[in-house]
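J.: The structure is given below, and queries will be raised subsequently.
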Amino acid sequence: MRILPNRLSLRSRLTLTYAGLFLLAGGLLLAVTYGLFVNQLDSGGSMIVKATRLPGPGDDPDALQQLLDTTYVETQKGDVLTGPQARDWLLAQRQELQSAAAESLLIQGAIALVVVLIIACVLGWFISGRVLAPLHTVTATAHRISAVPAADMGLGERIELKGPDDEVKELADAFDAMVGRLDRSFAGQRRFVANASHELRTPLTVGRAMVELAMHRPDASADLRTLGSDLLALNARHEALISGLLDLAGAENGPIDRQPVDLADIVEHVADLTGPEAESAGVEVRTDVGETPTSGDAILLERLVANLVENGIRHNVADGWVEARCRYADEHAEVVVTNTGPEVPAYEVAELFQPFRRLDRDRVVVGRGVGLGLSIVEAIARAHHGSVTARPREGGGLVVQVRLPG
């Protein structure tokens, strides 16, 4: 039959630790007070070299006068006192010793209490640090995991706490189990993205090829060609939607291959790529670049800048413009894309970063985006430990700023 528990809880260990610490501090205080008291007794008053016994209550009254006459005290200073003078001197010495004892207990005892309190605080700090060290390990590991995006595989770390089977050990094991489940969940999402990249794009590619083949048949009617053009436009929209979803999932869950990158090169390259689309939309694309070094995945960063510029082109007005600037300041790389366009209410700016959110609320239009551009931008920036902010431009349009670590 088991009488004692198979483990001591953290609460029990803390109770026993502080009880032992209190006992140690109390014993130390008692010892210091006793030593100060004895030292005060030894140093208090004049030292008695020799003294005869004073009369007591049981002495013979007839011998009292003779005893008082023969009583003498020789002090350390060499003084010799006899009779009633010696008796008064001894009584004064007793009173002085009592006063010294009271002073020792009150003043020097208080000093001893302060010293023992400081020692107890130091020991308590050290012991509590030892007891709570496993909890600090759990907290530090949680901070490291939360600081690393899932894209950087930060969920692969575990606490694996060694020590007594107490509440902290249970917390660490539960945390490891939770992180393990999250890691498996993200791994499943990565596998899904890889499979969906093939399974979703292949049917659309085949469908586009079949529509183009039917449209280019010699006996194809005008109605068939018109229907084929509409189907190709709808197919292109679905391809853009799937590509955007895969880019969004990849930015949030895929590993980041970090390499040195100059954002100035990316901005210039994106401006060249979007030139034909901007020309057909009647929008001017401007660039203002300087050396802007950072580190990250060049393909994802190009997608980030391209989405900002393309959004500026597609959501613009006739004879409008889009300006892409990049610079390095305050140990951060910044990309700022400004565009003219319709007025954007300030309270609706935050909604633009949500998937499938548009100002016009239109989910069917073919010629515009699919509502994932800024969502992908925000996901890519987060994966690179950066941030995205947007605000309405005075006169219409948006100003979007991306800050990345330098």
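J.: Going by amide H atoms built from the backbone, whose H comes under 5 Å of the H on residue 372, apart from near neighbours?
T.: Amide H neighbours of residue 372, under 5 Å, 5+ apart: 356.
J.: Here is a follow-up. Considering only protein heavy atoms, what is the solvent-accessible area of residue 96 at a probe of 1.4 Å, reported in Å² to the nearest 10?
T.: Spelled out: residue 96, probe radius 1.4 Å, area about 80 Å².
J.: To continue, here is another question. At a 1.4 Å probe radius, which order do 167, 310 fall into by accessible area, largest first?
T.: Correct descending sequence by accessible area is 167, 310.
J.: Expressed in nm to one decimal, what extension gain is obtained for the pair residue 232 and residue 277 from 0.36 nm per residue of sequence separation less their Cα-Cα distance? Could you put the intermediate results ahead of the total?
T.: Numbers: separation 45, 0.36 × 45 = 16.20 nm, distance 1.83 nm.
Here the segment from residue 232 to residue 277 would lengthen by 14.4 nm.
J.: Find out how many positive minus negative residues lie around residue 204, taking Lys and Arg as positive, Asp and Glu as negative, among other residues whose Cβ is under 13 Å from that of residue 204.
T.: Every neighbour counted, the sum reads 0.
J.: Working out 0.36 nm times the residue gap between residue 317 and residue 182, then minus their Cα-Cα distance, what length gain in nm do you get to one decimal?
T.: Computed gain between residue 317 and residue 182 is 44.1 nm.
J.: Would the range 287-361 count as rounded, prolate or oblate if I go by the C-alpha gyration tensor, calling it rounded below 1.5 in a/c and otherwise prolate when a/b exceeds b/c, oblate otherwise?
T.: Prolate, because a/c is 1.5 or more and a/b exceeds b/c.
J.: Measuring from label point to label point, each 7 Å out along Cα→Cβ, what is the residue 31 to residue 269 span in nm?
T.: 7.4 nm
J.: What residues qualify as long-range amide H neighbours of residue 296, i.e. H under 5 Å apart, gap of 5 or more or another chain, H built at 1.01 Å from N?
T.: Here 259, 261 satisfy the definition.
J.: Quick one: what are the phi-derived ³J(HN,Hα) couplings along the range 395-406, Karplus 6.51/-1.76/1.60 with θ = phi - 60°, whole Hz, x for glycine and proline?
T.: Going residue by residue, I get x, x, x, 10, 10, 10, 10, 10, 10, 10, x, x Hz, with x marking Gly and Pro.
J.: Let me ask something else. Starting from the residue with the highest accessible area, list 162, 169 in decreasing order, probe 1.4 Å.
T.: Highest to lowest solvent-accessible surface, that is 162, 169.
J.: If ligands, DNA and RNA are left out, what is the accessible area of residue 121 with a 1.4 Å probe, given in Å² to the nearest 10?
T.: Estimated to the nearest 10 Å², residue 121 gives 80 Å².
J.: Taking amide H positions as placed in the peptide plane 1.01 Å from N, state which residues far from residue 320 in sequence (5 or more) or on other chains have amide H under 5 Å from it.
T.: 284
J.: Still on this structure, please answer the following. Between residue 171 and residue 24, what FRET efficiency comes out of the Förster formula 1/(1 + (r/R0)^6) with R0 = 45 Å and r the beta carbon distance, rounded to 0.05? Provide the component values of the computation, followed by the final result.
T.: Values: r = 30 Å, r/R0 = 0.66.
For R0 = 45 Å, the calculated efficiency reads 0.90.
J.: Under the Karplus relation 6.51 cos²θ - 1.76 cosθ + 1.60, θ = phi - 60°, what is the ordered set of whole-Hz ³J(HN,Hα) values for the range 170-181, x standing for Gly and Pro?
T.: 4, 4, 5, 5, 5, 5, 4, 5, 5, 5, x, 5
J.: Something else: Round to the nearest 10 and report in Å² the accessible area of residue 210, as given by a 1.4 Å probe over the protein chains' heavy atoms.
T.: 130 Å²
J.: Report the extension gain between residue 128 and residue 209 in nm, rounded to one decimal, defined as 0.36 nm multiplied by the number of residues separating them, less their alpha carbon distance.
T.: Value of the extension gain: 22.0 nm.
J.: In nm, to one decimal, how far is the residue 162 label point from the residue 13 one, both placed 7 Å along Cα→Cβ?
T.: If labels sit at residue 162 and residue 13, their model points lie 1.5 nm apart.
J.: Using a 1.4 angstrom probe on the protein heavy atoms only, line up 125, 321 by accessible area, largest first.
T.: Largest accessible area first, the residues go 125, 321.
The values are calculated or read from the model by the stated rules, or taken from the named source; none is laboratory data. The structure displayed is predicted, hence computed values, not measured ones. Positions of Cβ are generated from backbone atoms using ideal geometry, with glycine treated the same way; all protein chains shown enter the neighbour counts. The accessibility values were calculated without ligands, DNA or RNA, using every heavy atom of the protein model including side chains. Shrake-Rupley method; radii C 1.70, N 1.55, O 1.52, S 1.80 Å.
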